[in-house]
Ligand SMILES: Cc1cc2nc3c(=O)[nH]c(=O)nc-3n(C[C@H](O)[C@H](O)[C@H](O)COP(=O)(O)OP(=O)(O)OC[C@H]3O[C@@H](n4cnc5c(N)ncnc54)[C@H](O)[C@@H]3O)c2cc1C
């Protein structure tokens, strides 16, 4: 397994193809350090006894110990360990751990490539599993680029005025394919070793050029990563773990990128490209049943702490709000457990989550995120939006005033109150907080996408039969 230092050095050696605030930068740019710090935890903690059992898995391919973020789930227990690992790591970084994307993509593709081969006699699965061996051996970090830019939302890929609105194959050669298009909102694309591309929606017979899945190193010629980064600042004199974290959300452009055949995992099989899209989303929504409860844990923790410092912890209005948060977190987490327990082994050997439970869990989380922020804002009062900057808190001229006038309970030092409000301000009022809020709704698929998945897989007919039986309707 790699160390976080090796991960960083590998990134720093890559060709610069990242654009941030008008400049082309290398991966050693300070703008990208927040995301790198977050992902580094997934390497550093493999040696930590609190995390070892969750972060280290046994490869079903090589029998070797591997990082769980490169593992193909073989059982319900694997899915539950991934979920628990995700929750614990997200608590530690106070938000998204970011490395699940590539893991969910390889899991989805392991099933879709196998199914495509069964029908078409192709060899996608064999080449894909060779890729997975490399993925595990080199302990790679991958972004999953699924979300196409999509143009006119009422039109399918082949109906768009501009044919490049969904990533497509523009040339088939003896040694590989050339792809063109762009993907939007791709988390951690700027700090990933690899980009794994899967389709974003169901593909029809007319969308065969768009029915493509592949993986490329993130600095491949023609790949341009236009990055929007957010970073919480770690102020000297006011160090805190939360100050180390950051995020990058990316538009990834594929400007006629060559992909050799051994890295092409679907090319033209629209039915199985659809399955790949569907399965990445399924695994990713299951991952959300780990990360979203963690985000709620963080919100809940700050809500409870500020109420405690304010001297009102336990009052009925506070209790009601904290219980509301706990109910959301644990219902979403329970849905993930149910999804694992009721998952199934596929012919490819991969164990997939139950679709209904993963989707109801993700949907519930997405619908509640802004409500959770509203609860935190209500519990915290208005000061997170008006808190004096850290520089003023640290300035000996202004610090005594700030400490005197933010004081709450006599036995709680003013610095503790300041730090707590600072943390809440990061969640409610920072650019990263805003990014995470939108991610809470749309990341992993907007609630309407979960509704489509639930509609497709839920047995409403059975419910009609219950109603008919109860009122004696016989047909
Ligand atoms: C912070 C963040 C991180 C993300 N990370 C990743 C990532 O790592 N990888 C990745 O692939 N994606 C990622 N996503 C993308 C996410 O999956 C998408 O945002 C989501 O699928 C919605 O797509 P969209 O943003 O294009 O919105 P749109 O599709 O434009 O949706 C906007 C609205 O239009 C409605 N709409 C769209 N089409 C139709 C239609 N045909 N009929 C009726 N209504 C319609 C939707 O319901 C929605 O209400 C991330 C998103 C965010 C915000």
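The values are calculated or read from the model by the stated rules, or taken from the named source; none is laboratory data. Because the structure is predicted, anything quoted here is derived from the model rather than measured. Positions of Cβ are backbone-derived with ideal geometry, glycine not excepted, and every protein chain shown enters the neighbour counts.
So if I check each of 330, 324, which one is under 21 Å from the mean Cα position of the chain (by Cα) and surrounded by fewer than 19 Cβ atoms within 10 Å (Cβ to Cβ)?
330 is the lone residue from the list that is under 21 Å from the mean Cα position of the chain (by Cα) and surrounded by fewer than 19 Cβ atoms within 10 Å (Cβ to Cβ).
Give the range 221-260 a look and list any residue that's over 25 Å from residue 198 (Cβ atoms) and assigned to a loop (DSSP other than H, G, I, E, B), or say none. Spell out how you get there, then give the answer.
At the first step, the residues of the range 221-260 found to be over 25 Å from residue 198 (Cβ atoms) are 230-246.
The answer is 232, 233, 234, 236, 237, 239, 240, 245.
Which ones in the range 15-36 are crowded, with 17+ Cβ neighbours inside 10 Å and in a loop (DSSP other than H, G, I, E, B)?
At the first step, the residues of the range 15-36 found to be crowded, with 17+ Cβ neighbours inside 10 Å are 17-20, 25, 27, 29, 31-36.
17, 27, 29, listed by residue number.
Of the residues 282, 331, only one is farther than 24 Å from residue 422 by Cβ and touching a residue at least 60 places away in the same chain (Cβ under 8 Å); which?
After ruling out the rest, the residue left standing is 282.
Keeping to the range 359-386, report how many residues are surrounded by 21 or more Cβ atoms within 10 Å (Cβ to Cβ) and without any contact (Cβ under 8 Å) to a residue 12 or more places away in the chain.
The number of residues fulfilling the criteria is 0.
Looking for something under 23 Å from the mean Cα position of the chain (by Cα), surrounded by 14 or more Cβ atoms within 10 Å (Cβ to Cβ) and in a helix (DSSP H, G or I) - is there at least one such residue anywhere in the range 409-424?
Among the residues of the range 409-424, at least one is under 23 Å from the mean Cα position of the chain (by Cα), surrounded by 14 or more Cβ atoms within 10 Å (Cβ to Cβ) and in a helix (DSSP H, G or I), which makes the answer yes.
Okay, residues lined up against (1) under 15 Å from residue 291 (Cβ atoms); (2) modelled with pLDDT under 95; (3) outside any helix (DSSP H, G or I):
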site: 38; (1), (2), (3): yes, no, no
site: 50; (1), (2), (3): no, yes, yes
site: 62; (1), (2), (3): no, no, yes
site: 69; (1), (2), (3): yes, no, no
site: 73; (1), (2), (3): no, no, yes
site: 81; (1), (2), (3): yes, no, no
site: 88; (1), (2), (3): yes, no, no
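Residues in the range 174-190: is at least one in a strand (DSSP E or B), within 14 Å of the ligand (Cβ to nearest atom) and free of Cβ contacts under 8 Å to residues at least 60 places away in the same chain?
Among the residues of the range 174-190, not one is in a strand (DSSP E or B), within 14 Å of the ligand (Cβ to nearest atom) and free of Cβ contacts under 8 Å to residues at least 60 places away in the same chain, which makes the answer no.
Taking the condition of being under 23 Å from residue 224 (Cβ atoms) and crowded, with 17+ Cβ neighbours inside 10 Å, how many residues in the range 238-265 meet it?
So the answer is 14.
Consider residue 203 carefully, then state whether it is at pLDDT 95 or above, within 16 Å of the ligand (Cβ to nearest atom) and part of a loop (DSSP other than H, G, I, E, B).
Yes: the conditions hold for residue 203.
Which count do you get for residues in the range 192-214 that are in contact with a strand residue (DSSP E or B) (Cβ under 6 Å, 6 or more places away or on another chain) and under 30 Å from residue 4 (Cα atoms)?
Counting residues in the range 192-214 that are in contact with a strand residue (DSSP E or B) (Cβ under 6 Å, 6 or more places away or on another chain) and under 30 Å from residue 4 (Cα atoms) gives 8.
Would you pick out the residues in the range 431-456 that are at pLDDT 95 or above and away from the ligand (no atom under 14 Å from the Cβ)?
Result: 454, single match.
Scan the range 278-290 and tell me whether some residue there is part of a helix (DSSP H, G or I), surrounded by fewer than 23 Cβ atoms within 10 Å (Cβ to Cβ) and out of contact with any strand residue (DSSP E or B) (no Cβ under 9 Å at 6 or more places or on another chain).
yes
For the range 151-171, does any single residue satisfy the condition of being within 13 Å of the ligand (Cβ to nearest atom), within 30 Å of residue 12 (Cα to Cα), in contact (Cβ under 8 Å) with a residue 24 or more places away in the chain and surrounded by fewer than 18 Cβ atoms within 10 Å (Cβ to Cβ)?
no
Might you check whether a residue that is more than 27 Å from residue 294 (Cα to Cα) and in contact with a helix residue (DSSP H, G or I) (Cβ under 7 Å, 6 or more places away or on another chain) occurs anywhere in the range 375-388?
So far as the range 375-388 goes, yes, one or more of its residues are more than 27 Å from residue 294 (Cα to Cα) and in contact with a helix residue (DSSP H, G or I) (Cβ under 7 Å, 6 or more places away or on another chain).
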